[in-house]
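K.L.:
Here it is, the structure in full.
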Amino acid sequence: MVLKQIRDDYDAYVDAAFKVVPERPLRDHLQARAERAAAIVFDGAWPAVALFRLKRWLRERKLYALGWICDVISRTFWRVFIGHNVEAGPGLIIAHGHVVIDGKCKLGRDVQISPFVTIGLSNSARIGFSPYGPTIGNNVYIGTGAKVLGPVTVGDNVRIGANAVVIDDVPPDTTVVGAPARVVGPNPWTAGELAAFAPKKRRRRTQNNGASSTV
Ligand SMILES: CC(C)(COP(=O)(O)OP(=O)(O)OC[C@H]1O[C@@H](n2cnc3c(N)ncnc32)[C@H](O)[C@@H]1OP(=O)(O)O)[C@@H](O)C(=O)NCCC(=O)NCCS
């Protein structure tokens, strides 16, 4: 189960890498795959996502100390902290690290998070203290430095611009920018268009899962 989740996340990184891997000759094939794997591991922060999956799995088995070690490794090497109350669908991508996600948050499938993003509680006097963080839909892209705060709902197929501060609900299929974030237009990257880029294997997996949107 946890290995499948980790594998699904890796597949999402493979899709996002958009790297052409020739089938032959074998030498070129292996070299391209190795280069892609190195980029995903060292630049892409995929291990931080894998450590988050592993932490949740360990905590479900009451192995809290081992879960904490996962956190320490993730924070030390990738500067990524994802709280244990966070639920994330398959295909989570954290590009480059430096991300905090905390509180009772839900992330849909195929959420892509750029560096220096915070997703968490609002501590706002307007809504009073709430342990609930954002609920983020499927196929959401969050630009660098953006903050998504409090019990807000971000719809499917949304793009959040760099440095946006999202403190209100965001309708699906839109692009939002600014602080506080406001809608500036539709999201031109629809799920169908993205699916065209996805390798056949991953498209098959998503179809089998009966996913409602995204690649
Ligand atoms: C939000 C974003 C996706 C919009 O791209 P786009 O669809 O090409 O939109 P445009 O550039 O046409 O901008 C539309 C409007 O929003 C404004 N805008 C765009 N991005 C903005 C941002 N991050 N903050 C504030 N305003 C922004 C533009 O100035 C423009 O305003 P105008 O209509 O008044 O002129 C893009 O600007 C962005 O922020 N991408 C994030 C990139 C990123 O984080 N990369 C991570 C690399 S690791």
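Values in this text are rule-based calculations from the coordinates and carry no lab data. Just so it is clear, the model here is predicted, and its values are computed rather than measured. Note that we place each Cβ from the backbone using ideal geometry, even for glycine, and neighbour counts take in every protein chain shown.
K.L.:
Would you mind getting the Kirkwood hydrodynamic radius of the chain from its Cα pairs, rounded to one decimal in Å? Present the calculation step by step, with values, prior to reporting the outcome.
P.N.:
Working: mean 1/r = 0.0564 Å⁻¹.
That comes to 17.7 Å for the chain.
K.L.:
With axes computed from alpha carbons, what is the tilt in degrees of helix 26-38 against the longest principal axis of the chain, rounded to the nearest 10 within 0 to 90?
P.N.:
That works out to roughly 20 degrees.
K.L.:
Test of understanding: what is the full-extension gain from residue 100 to residue 144, defined as 0.36 nm times their sequence separation minus their Cα-Cα distance?
P.N.:
Values: separation 44, 0.36 × 44 = 15.84 nm, distance 1.23 nm.
14.6 nm is the gain from fully extending residue 100 to residue 144.
K.L.:
Another question about this same structure. Based on the mean of other beta carbon atoms within 10 Å per residue, what is the order of 130-141, 174-185, 62-73, most packed first?
P.N.:
Numbers: 130-141: 21.3, 174-185: 16.1, 62-73: 14.4.
Final packing ranking: 130-141, 174-185, 62-73.
K.L.:
Here's a follow-up. In the range 2-198, how many lysine pairs have Cα atoms under 21 Å apart, counting only pairs 8 or more places apart or on different chains?
P.N.:
Working: 4/55; 4/62; 4/106; 55/104; 55/106; 62/104; 104/147; 106/147.
Final tally of qualifying lysine pairs is 8.
K.L.:
Rounded to the nearest 20 Debye, what is the dipole magnitude of the chain about its Cα centre when Lys and Arg each give +1 and Asp and Glu each give -1 at the C-beta? Walk me through the numbers before you get to the answer.
P.N.:
Values: 28 positive and 18 negative charges, 132 e Å.
With Lys and Arg at +1 and Asp and Glu at -1, about 640 debye.
K.L.:
Then there's this: Which value in deg cm²/dmol, rounded to the nearest 500, describes the helix-derived mean residue ellipticity at 222 nm for the chain, given -39,500 (n - 2.57) per DSSP H run of n ≥ 4 and division by the residue count?
P.N.:
Numbers: 6 runs with 76 residues, N = 215.
Calculated from helices alone, the mean residue ellipticity at 222 nm is -11000 deg cm²/dmol.
K.L.:
State, to one decimal in nm, how far the label point of residue 84 lies from the label point of residue 127, with both points 7 Å from Cα in the Cβ direction.
P.N.:
2.4 nm
K.L.:
Based on the Cβ-Cβ distance of residue 60 and residue 179, what FRET efficiency does E = 1/(1 + (r/R0)^6) give at R0 = 35 Å, to the nearest 0.05? Kindly include the intermediate steps, with their values, before the conclusion.
P.N.:
Details: r = 37 Å, r/R0 = 1.06.
With a Förster radius of 35 Å, E is 0.40.
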